[in-house]
Amino acid sequence: MGSSRSSLRRVPDGQQLLQETGFSAAVLLRLHQRFQFLDKDSRGHLRSEDLEAELSENPMGDRIVGAFFQPGQETVDFPSFVRVLAHFRPTEKNRTRGGEQPEPANSRNRKLKFAFQLYDRDRDGKISRTELLQQVLREMLGLQVTEEQLQSIAERAIQEADLDRDHAICFDEFRKSLEKVNIDHKMSVRFLE
Amino acid sequence: TENTRGTHIICFSTLKGKLPVFTMDYSRIQIPFEFTLWVLLASFSKIGFHIYQKITIWIPESCLLIGIGLIVGGIMYSVKEEPPAVLSSDVFFLYMLPPIVLENGYFMPTRPFFENVGTVLWYAVVGTLWNSIGIGLSLFAICQFEVFDLQDINLQENLLFASIISTVDPVAALKVFDDVGVNEQIYIVIFGEGLFSDAVTVVLYNMFAFLADMPVIDSVDVFLGLARFFVVGIGGVLFGLLFGFMAAFTSRFTSRVREIEPLFVFMFSYLAYLVAELFAISSIMALITCAITMKYYVEENVSQRSCTTIRHVVKMLATISETLIFFFLGVVTITTVHEWNWAFILFTLLFAFLWRGFGILVLTQIINPFRTIQFNLKDQFGLAYGGLRGAICFALVFTLGNTINRRNLFVTASIAIIIFTVFIQGISIRPIVEYIKIRRTNKDLNTINVEIHTRTMEHLLCGIEDLCGQWGHYYWKDKFKKFNDRFLRRILLRDRKAESSIVSMYKKLELQNAIELLDTTMGDISAAPSLVSLQDEKKEASRPKKTFKATDIRKMHDILSKNMYRIRQRTTAFTSKYGLPDDSQTREILIRRHASIQRSLRAESFPCKFSHWLIICLPLVIPEVDRLRSSGVSPRSSSRSLIPMSKLNTIEERRSPVEASVFTGSNIRGRRAPVPAARRRSPNRVDEDEDEIVSEGQGEERHLPPRGWAPENRDLGTNEAGNSLLRPSSLRSQRSWRI
């Protein structure tokens, strides 16, 4: 315990991050080591190329990378890196929430919001048909389907979820369509517990 | 007369040395005949249970079958007949067990299984070991008490007996869980435990049987036993994979011999079982692995009919086997020789319960930290209580050799446990599960949204795991998927296109919709079901863009609902793209249906004219659609020339922008069962509306002569792009055509 606390001092804003994200000290240290590994030139921050190198095969790679960067920024420092990863911590069972505590990063709502923002790149609060269609589905389905089929699938998806008939999926509709899915199970990485 | 075959030839001829007119030779057919009679008897009782539906909800079928078996056994006992030796070792293990295991393996829900494979194996293997050793040792301790008169049972025999009764056969529990819909995790754990504990028990049994014969046991033997365990398990899996791949590979070449396609599935899986038995490795594991491996590839290669046949036959064989087993359990209970010892039997029951419950608790505590969805106490109770004993236990105890001097006691004790668990636990598990409210499963996850988002999340998590540098669950899943796509699919599948689950889900849902719509309209044409649900009517009402009279809307709905072309588009789309039965056949069927429906309608009424018109137009539509699909034209741009339908000009203009949305809306909402709404509409109301249309249609109406069935009416086809009901509109650019 003592050794990890001393090495925690090497982590910038260590204590504050611990509180904010809810990670344990050991996990935070491992993440810091990982960050330093990814940061090949030891610049203290990451650029998108560093992250993309890891995700080259992932069809959603560039979107995931994009989620780390705040709009307009080109670099990611360690606290931002950790804050994004905090979304993927498994939720604890017996969390008592006082009224004044801010919603923790790994709550179901925040996880869903993260997933929603993967689709909604222009951050207008809605997943429009083109966003869903051309970008996400095409990335995932590759060349398996024709253009028509892709449009049909996207159309169907929107019509299933679109309750207010605006031809787009807003965050509430997104959440409602996934209400029966165990989000905690599907969006948690055990390593980060 | 001299007979060379049987001994029961009865000659009714009165003339000696002449040709017998009527003979009977029972011994020749005895075995197949008796087999058939037993199967029929068991099946009749099964029919009997289901006549009164409520019984099977509260009393599991296995109980009922055992009950009937007991009755039949009583009858046989009283006439001093011996039942056939069905539950003796070879017949059971070579003929009756494989179908059941095949069914379990074939219909295993693979995704939850592989997500929980660690847990399942943990409970199955370690749990069975725990139970066996625990019960064995406790019983041995009890046997030491002189008062029970059990001192001649030594440790090996106790362990042997304990290993026999610790195998679970949760058939009845699974049915209850399935009906009630408990959460997937418990279901798959009990399912897997049932499967694999059989394998473990057989290994343990053989090991302990071997050891029971030996006078002295060294520690070396224990290690050998452990090594054997691994050999048996892993060997079984390897054999299963081998035969599974052989079957999959074979099915790649069977496109010209479709009639025997199902054969390969059965032969290869049985071969896997037998070859594993040959080498005395776990045949159950081999069969399960073979079935799981085979299923995925074979179902993609074989025709739809073969696929249905395979599934059906697998289920049928398994049901027969299971029925017979429980039935004979009842029969043999009465007719076998028993030895009753209160102490032994009661303590066996007690320890079986205790050790299972305790075992589940301890094992769950250890495995829970490794699981994302952890088992709470209710889940654990469900797991413990669902551990019924069954057929394997019974068969194994019958194979105990006569070197075991208290064999009859063991037999009696096993039967007692089986009957107790099946009856008491089997009957009570349903009310208990419902009462304590175990977490239920979310069965309604069949939406394309869930599928898309789940895939996205999987990719996301895979990426996050990559970023964290960790090889987690999703990493392996991804790796396997890539390996599968690159190598296995290429070799084993005839048609190598990889298909994402999103596309399959989409196809499945579309197909469901098409069938639903086809069913409703086809069945109910005289009642003109409105396929547009009330939801959509409200939707139209809320649109501020156009205002329509309510009557118009109703008319639109009627006409649209009768527009078979929409459904035909769908089904032709499927015939051309997705490989359902070829087009001419379905068209023919539709035409015939129309003709027969038409005959049942009155001659003068509008619906008749309407259906005439539809029938006329239908065949014109189909080639249109086909042409369009084959030319790859985008649906939106083609709609103009697509349907040469209504000449009802007066209604068109108002209608066209809306019907597209009504149309597409109904297509989607079709899934949410507009059928009930449809069937509620009375024929009378429809007739009125149509008459209104007739009056509004003015001159147009005369364009629809009440011709007979005249498929080659080309005039209607070529013109009036503008008169199409489905005139393209601005809305079309937003909503795609539901083809």
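The values are calculated or read from the model by the stated rules, or taken from the named source; none is laboratory data. What you see is a predicted model, and the numbers here were worked out from it, not measured in a lab. Every residue, glycine as well, gets a Cβ built from its backbone with ideal geometry; the counts of neighbours run over all protein chains shown. Just the protein is used for accessible areas: all its heavy atoms, side chains included, with ligands, DNA and RNA removed. Shrake-Rupley method; radii C 1.70, N 1.55, O 1.52, S 1.80 Å.
For B:VAL182, nonlocal amide neighbours, meaning residues 5 or more places apart or on other chains whose placed amide H falls under 5 Å from its own, are B:THR441. Taking amide H positions as modeled 1.01 Å from N, with prolines and chain starts lacking one, the residues under 5 Å from A:LEU46 and 5 or more places away or on another chain are A:VAL76, A:ASP77.
In square nanometres, what is the average projected area of the Cα convex hull of segment B:450-496? Write down the numbers at each step before the final one.
On the way: hull surface 15.7 nm².
Mean projected area for segment B:450-496: 3.9 nm², to one decimal.
Rolled with a 1.4 Å probe across the full set of protein chains, the surface gives B:ARG407 an accessible area near 50 Å².
At a 1.4 Å probe radius, carbon and sulfur cover how many percent of the accessible area of segment B:326-391? Taking all protein chains in place, segment B:326-391 shows 78 percent carbon and sulfur surface.
Rolling a 1.4 angstrom probe over segment B:450-496 with all protein chains present gives an accessible area of which 59% lies on carbon and sulfur atoms.
For A:ILE127, the residues whose amide H sits under 5 Å from its own are A:ILE169, A:CYS170, ignoring neighbours fewer than 5 places away on the same chain, with H placed 1.01 Å from N.
Relative contact order of segment B:85-436, taken over Cα pairs closer than 8 Å and 6 or more residues apart, is 28 percent. The slack between B:GLU259 and B:LEU19, meaning 0.36 nm per residue of separation minus the straight C-alpha distance, is 82.1 nm. When nucleic acids and ligands are ignored and a 1.4 Å probe is applied, B:ASP149 ends up with an accessible area of around 100 Å².
Here r is the Cβ-Cβ distance between B:PHE279 and B:ARG490 and R0 is 25 Å; the resulting FRET efficiency, rounded to 0.05, is 0.20.
In this structure segment B:30-130 gives 51 Å² per residue of accessible area when probed at 1.4 Å with all protein chains present. DSSP loop (so not H, G, I, E, B), at most 14 other Cβ within 10 Å: list which chymotrypsin sites (Phe, Trp or Tyr not before Pro) in segment B:138-187 pass both filters. The qualifying sites are B:PHE145. Residues of segment B:323-362 falling in the label zone of B:GLU146, defined by backbone nitrogen less than 19 Å from a point 7 Å along Cα to beta-carbon, are B:343-344.
Could I have the simple spin-label model distance between B:TRP340 and B:LEU137, label points 7 Å from Cα toward Cβ, reported in nm to one decimal? Inter-label distance under the simple model: 3.3 nm.
Pairing chain B with chain A buries about 5400 Å² of accessible area. This figure sums both sides and uses a 1.4 Å probe.
Can you tell me the FRET efficiency between B:ILE424 and B:VAL126 if r is taken as the Cβ-Cβ distance and R0 is 30 Å, rounded to the nearest 0.05?
Values: r = 26 Å, r/R0 = 0.88.
Approximately 0.70, to the nearest 0.05.
Counting partner chain Cβ atoms within 10 Å of every residue's Cβ in A:54-65, what's the average? Let's see the in-between values first.
Working: counts 6, 6, 1, 5, 8, 5, 8, 4, 0, 4, 8, 2.
Mean shielding count: 5.
Computed 3J(HN,Hα) for segment B:171-183, one whole-Hz value per residue from the Karplus formula 6.51 cos²θ - 1.76 cosθ + 1.60 where θ = phi - 60°, is 3, 5, 5, 5, 4, 5, 4, 5, 4, 5, x, 5, 5, glycine and proline marked x.
Percent of C-alpha pairs per 10 Å bin in segment B:85-436, short distances first: 5, 25, 33, 25, 9, 2, 0, 0. For segment B:450-496, the residue among B:TYR474, B:LEU492, B:ILE452 whose Cα projects farthest onto the positive side of the dipole built from Cβ charges is B:LEU492.
Note on A:154-164: average number of Cβ atoms from other chains within 10 Å of each residue's Cβ is 6. Distance between the pseudo-spin-label points of B:THR403 and A:GLN117 (7 Å out from Cα toward the beta carbon): 7.1 nm.
If we sort B:358-369, B:46-57 on the protection proxy, mean other Cβ atoms within 10 Å, highest first, what's the order? Each step should come with its number before you reach the end.
On the way: B:358-369: 16.2, B:46-57: 11.8.
Answer by packing, highest mean first, reads B:358-369, B:46-57.
In debye, nearest 20, what is the charge dipole magnitude of segment B:450-496 about its Cα centre with +1 on Lys and Arg Cβ and -1 on Asp and Glu Cβ, if you could check? Present the calculation step by step, with values, prior to reporting the outcome.
On the way: 10 positive and 7 negative charges, 84 e Å.
Charge dipole, segment B:450-496, about its Cα centre: 400 debye, nearest 20.
What's the average, rounded to a whole number, of partner chain beta-carbon atoms within 10 Å of each residue's beta-carbon in A:27-37?
Other-chain Cβ atoms within 10 Å of each residue's Cβ, averaged: 1.
Measuring between alpha carbons in the structure, the pairs from A:LYS176/B:LYS508; A:LYS126/A:LYS176; A:LYS111/A:LYS176; A:LYS186/B:LYS507 lying more than 20 angstrom apart are A:LYS176/B:LYS508; A:LYS186/B:LYS507.
With all protein chains kept in place, the per residue accessible area of segment B:450-496 amounts to 51 square angstrom at a probe of 1.4 angstrom. Let me make sure I get this right: for segment B:80-204, a, b and c are the square roots of the gyration tensor eigenvalues over alpha carbons, sorted descending. Under 1.5 in a/c it's rounded, otherwise prolate if a/b > b/c, else oblate. Which is it? It comes out oblate by the Cα gyration axes. In angstrom, the C-alpha Rg and Dmax of segment B:371-496 are 23.9, 64.
Segment B:50-147: which GluC sites (Glu not before Pro) are DSSP loop and have at most 15 other beta-carbon atoms within 10 angstrom? Write out the running numbers ahead of the final one.
Working: sites: B:GLU61, B:GLU81, B:GLU103, B:GLU115, B:GLU146; in loops: B:GLU81.
Those that pass, being in a loop and sparsely packed, are B:GLU81.
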